[in-house]
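Only one structure is covered here, and it is reproduced in the block below.
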Amino acid sequence: MNRDPLIALRPWEAPEVTSWGRLPMCAVDRRSGALSLDGEWRFQLLPSPDSPVTDAWGTQTVPGAWTLQDTDDLPQYTNVRMPFDAFPPAVPAADPTGVYERTVDVPDAWAGRRIVLQVGAAESVLLVHVDGRPVGVSKDSHLAAEFDLSGVVRPGERATVRLTVVKWSDASHIEDQDQWWHGGSTRSVLLYATDPLHLADVTVRARPDGGLRVDCQVRTADGALPAGWYVTGKLDGRLLAQDAEFDRLNAEDDRVSDFLGEARLTATVPDVRPWTAETPELYDLTVRLHRADGSVADTSRHRVGFREVEIRGRDLLLNGERIYIRGVNRHDFHPLTGRTVTYEETRADLVTLKRFGFNAIRTSHYPNDPALYDLADELGLYVVDEADIESHDHAHEIADDPRYLNAFVDRVARMVLRDKNHPSVVIWSLGNESDYGANHDAAAGWLRRHDPTRPLQYEGAAKRGWADPAVASDIACPMYAPIEDCVAHALSGEQTKPLIQCEYGHAMGNSNGTLADHWAAIESTPGLQGGFIWEFWDHGILQRVSDGRPAGRAGAGLYDNGVAAPGHRWAYGGDFGDLPNDGAFCADGVVFPDRTPKPAMYEHREIAAPLRLECFRHEGVVIRNHQHFRGLDWLRAEWELSLADGPTLTAPAELPSLAPGESTAVRLPFRLPRKGGEAWLTLRVRTADDEPWAPRGTEVCVPQVRLRGPSAESPVPVPGRSVEIDEVGLLVHPLLAAAPTLTLWRAPTDNDELGGTAGRWQAWGLDRLVRTVVEVRRGDGPVTVVSAYACEAGAVRHEQVFTAVEGGIRVQETAELPPELLDVARVGSVFETVPGPDLLEWYGRGPWESYPDRAAGAPVGHHSAPVDELFTPYLRPQESGGRHGVRHFTLWAPDATGLSVRLDEPRQISVTRHRAEDLTAAGHHDELVARPGCVVHIDAAHRGLGTASCGPDTSASYLIPPGVHHWSWTLRTH
């Protein structure tokens, strides 16, 4: 029988118990001067928390997840489903439990001081023992737990600290977030000391008019405050004043007991520099607690931003200005260490977001590592801080379950108490996907009383519609709402709250279609203020192919540009033998697991550009400052004139002085040549000086306007010259390994698969069209080949007319789709080249991948790239590598021979080493084998991408209708 009182309490199956012996959360940062306990700990993994500890010790690195450090308990990915069959609060009998142990030499200098252990995070229940004595219990996997060890350890002596971490618990049912399940101690562990008289909490409120208030709570280790203590403060060297009226009222209040110490400092800062995401101005605040003799007992340091958040009507305002929220949802994630992230890695995340135009983060779905908030303050990002509450699989049952009431309030309160002094935190969130019940209202009530300076939101509160006056949300924050519905709500006259989607634009695989259309509607519709793309990361874990285990920290350097090194791959749900699992649904970010930006990031960068070219008129172009608070003086720029059939010209640009929202017309920097065909004017905008998030010269955006449309080309037929066609009516050409044929299929994207279109296409047989030659007409000039392509939905008539023209062959094509083929993937030609060509040059949108409904971020111009770099390595192979709006392209071989194609009008093309069937059959990239030649697609029409893996499909304007489609192209050799 286990006599340990903490084990006997069985806190892993008691939702009413959120902690025991744990200190209250506060906003006083104790990292400075602390003794770090990070590093190697003795470790053993038990089959359950009831199992006895043995002498079989191994080692584990703390912080870290044991699921990624060569144990037999491997990562598991689920989205909605719990990973075990048990109703809350029950857990499975097989419950992996990690026991961490190490010795600590307590410094002599800490004699007479208060000694505290801080465990940064533990998933999901933490039990603490020191020298075999029970110290405390904590739940909430993503916030620190602190325990007073003053009566347990002796300065100058060695102590043994044991952390027992139970993986599955009643708390797991409210930590059912869309992410990998891990177990371990995943944030830093430290030991620190304070004077017995110490600052228990500091609350800072700083307004944009310069008003500053600092509220301090003072405590002692034994509860009795000594006489004469006082608090002082300085802000950038300016002395703060004692609030005498506050002191007087406190002294008169007979409810104030002897142990409760409170003090308030105030100041009015002249000519204050307000904090915004565009101008993240910070001031240094130092608060000191003094004994009666004036000596300093404790010190707390903070970085202060003067700003104010409010809602007026249906507008969210920052410092009185209506702002757009260009946000992303972000998990703490790393492909080698799971949820353990360093300061440098978090900074790299936020720098990437800033460089691509994001101004906001939702900490989905739990408070993130403390470093994120410091960096958001410094770099300038608005934060929706979200409590660690998601009961997705059992949401309805738990929302009103009084056994979980304390957990809801505790998690919200601890988040607020930790993060309340960060100017970057502009909205509190009660959690995610947990239905709506009394437990939410209780948490909201505590929050509103404690911090009335910020709005709060909770998506689930809108059970009766977005105008529902539910107490738990000041913002209508739906997820994946069709933009048409959002616009209709804003125009309905019923809207009462700002509408900011907490999730939209699901970034799974080749996705984020219609993002530009979405933002065009937001910016033209009062009442709509933006949203948060789901999400930042592809949660691929680096996996060794040889044994199927996580690569762990040893995998550093084994990936680059989104691609895992040979012998490794990015694992998703099911790759570790985990059942149940939700497959590749965790690969839904705008960056790859190594933080390489996906093409969708450039789309967002252009949509969020601080400067825009709005139109071309009267020999000039209109420039608009599209920021909320900043001028254009931090930018420099260069003009580019790109001619379809000519060179790219450049000229320096002098940006006008424009206040936010202002615009002006400037003269064209070039005289447009009479020849050269289509012409586009681009303003390449870069940082003028070093920014905290970008060195000088970093590209910020590339706005563009068209000055002249394309000119039609009429290839001249060559009389008497024939085009060679084989016996089955296919073009014969020395550079083609496979002749051009009709295709209606693409390797299904994740949106196609989960949205249902791929299943419909396969049912129609679009992936296995059967071609039959109907007629071949030969004459002195063109050769006409009529074919029928049979599928389950009927026959598609396809006609090709081949004409010998000067320098090559003109191919004119017509495809007639029957009415049953209402929505296909593409209509176009596919052919393959012989081995040799390895470089693509093109005029069209680029240089990165683009599609009909995701093309705003790819400027038109002359581009080139190796063929092997055109393909985008989405974690699950699928349609990728397309380039939209291409006018002409050339494939070059190293010996300077080549094949060029000129299109009748801007078309969608792709050039890769993989056929659609290769991509369709592969589950991971290590399964793909590159073909020796190039697989080339020329599409008359290509279906939009949409976001139907979780959200709206593409809009109707990007669907392909049945009927007749025409396209033509001219093939030449070099």
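The values are calculated or read from the model by the stated rules, or taken from the named source; none is laboratory data. Here the structure is a predicted model, which means the values were calculated and not measured. Positions of Cβ are generated from backbone atoms using ideal geometry, with glycine treated the same way; all protein chains shown enter the neighbour counts.
What the table below lists for this structure:
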| quantity | calculated |
| --- | --- |
| Test: Gly237 is free of Cβ contacts under 8 Å to residues at least 60 places away in the same chain, surrounded by fewer than 17 Cβ atoms within 10 Å (Cβ to Cβ) and farther than 16 Å from Val28 by Cβ | yes |
| Residues located in the range 625-638, provided they are without any contact (Cβ under 8 Å) to a residue 60 or more places away in the chain and either over 18 Å from Glu699 (Cα atoms) or buried (at least 18 other Cβ atoms within 10 Å of the Cβ) (or both) | Asn625, His626, Leu632, Arg636, Ala637 |
| Members of the range 265-298 found to be free of Cβ contacts under 8 Å to residues at least 40 places away in the same chain and either assigned to a strand (DSSP E or B) or buried (at least 17 other Cβ atoms within 10 Å of the Cβ) (or both), listed by number | Val296 |
| The listed residue being more than 30 Å from Arg81 (Cα to Cα) and assigned to a helix (DSSP H, G or I), out of Arg414, Arg448 | Arg448 |
| Test: residue in the range 612-620 that is without any contact (Cβ under 8 Å) to a residue 24 or more places away in the chain and within 30 Å of Glu841 (Cβ to Cβ) | no |
| Boolean, Asp38 is among the charged types (D, E, K, R), farther than 27 Å from Gly132 by Cβ and within 31 Å of the chain's Cα centre (by Cα) | no |
| Lone unmet requirement of (1) modelled with pLDDT under 95; (2) of a type in the set (Ser, Thr, Tyr); (3) in contact with a strand residue (DSSP E or B) (Cβ under 6 Å, 6 or more places away or on another chain) for Ser722 | (3) |
| Neighbours by Cβ (under 8 Å, 6+ apart or cross-chain): first from the range 738-758, touching a residue at least 24 places away in the same chain (Cβ under 8 Å) and closer than 30 Å to Val801 by Cβ; second in a helix (DSSP H, G or I) and of a type in the set (Asp, Glu) | Trp745/Asp767; Arg746/Asp752; Ala747/Glu917; Ala747/Asp918 |
| Qualifying position, being surrounded by fewer than 17 Cβ atoms within 10 Å (Cβ to Cβ), within 23 Å of Pro835 (Cα to Cα) and touching a residue at least 24 places away in the same chain (Cβ under 8 Å), among Glu927, Glu879, Glu905 | Glu927 |
| Residue list for the range 697-753, filter: outside any loop (DSSP other than H, G, I, E, B) and among the charged types (D, E, K, R) | Glu699, Arg706, Arg708, Asp750, Asp752, Glu753 |
| Test result for Val152, surrounded by fewer than 20 Cβ atoms within 10 Å (Cβ to Cβ), among the aliphatic types (A, V, I, L, M) and part of a loop (DSSP other than H, G, I, E, B) | yes |
| Whichever residue in the range 181-191 is more than 14 Å from Pro96 (Cβ to Cβ) and either outside the structural domain of Ala121 (by TED's automatic domain parsing) or among the hydrophobic types (A, V, I, L, M, F, W, C) (or both) and, among such residues, is surrounded by the most Cβ atoms within 10 Å (Cβ to Cβ) | Val189 |
| Subset of the range 195-217 that is within 25 Å of Arg454 (Cα to Cα) and of a type in the set (A, V, I, L, M) - its residue that is surrounded by the most Cβ atoms within 10 Å (Cβ to Cβ) | Ala206 |
| Residue match in the range 161-180 (condition: in contact with a Lys or Arg (Cβ under 6 Å, 6 or more places away or on another chain), assigned to a strand (DSSP E or B), buried (at least 16 other Cβ atoms within 10 Å of the Cβ) and among the small types (Gly, Ala, Ser)) | no |
| Filter result (part of a loop (DSSP other than H, G, I, E, B), over 15 Å from Glu503 (Cβ atoms) and basic (Lys, Arg)) within the range 326-376 | Arg339 |
| Qualifying positions in the range 138-170 - under 39 Å from the mean Cα position of the chain (by Cα) and polar (S, T, N, Q) | Ser138, Ser141, Thr164, Ser169 |
| The range 347-383 - residue that is polar (S, T, N, Q) and within 12 Å of Phe536 (Cα to Cα) and, of those, surrounded by the fewest Cβ atoms within 10 Å (Cβ to Cβ) | Thr352 |
| The range 575-620 - residue that is assigned to a loop (DSSP other than H, G, I, E, B) and among the aliphatic types (A, V, I, L, M) and, of those, farthest from the chain's Cα centre (by Cα) | Leu579 |
| Matching entry among Arg322, Arg314, Arg264, Arg307 (being basic (Lys, Arg) and more than 30 Å from the chain's Cα centre (by Cα)) | Arg264 |
| Residue within the range 418-436 that is farther than 25 Å from Leu372 by Cα, of a type outside the set (S, T, N, Q) and out of contact with any Pro (no Cβ under 7 Å at 6 or more places or on another chain) present | yes |
| Count of the range 862-894 residues which are of a type in the set (Gly, Ala, Ser) and outside any strand (DSSP E or B) | 3 |
| Matching residues, the range 535-557, being under 20 Å from Ala922 (Cβ atoms) and either of a type in the set (A, V, I, L, M) or in contact with a strand residue (DSSP E or B) (Cβ under 7 Å, 6 or more places away or on another chain) (or both) | Asp538, His539, Gly540, Ile541, Leu542, Gln543, Arg544, Val545 |
| The listed residue being out of contact with any Lys or Arg (no Cβ under 7 Å at 6 or more places or on another chain), within 30 Å of Gly836 (Cβ to Cβ), among the aliphatic types (A, V, I, L, M) and crowded, with 21+ Cβ neighbours inside 10 Å, out of Ala747, Ala738, Ala758 | Ala747 |
| Flag for Pro715 being outside the structural domain of Asp374 (by TED's automatic domain parsing) and over 19 Å from Leu611 (Cα atoms) | yes |
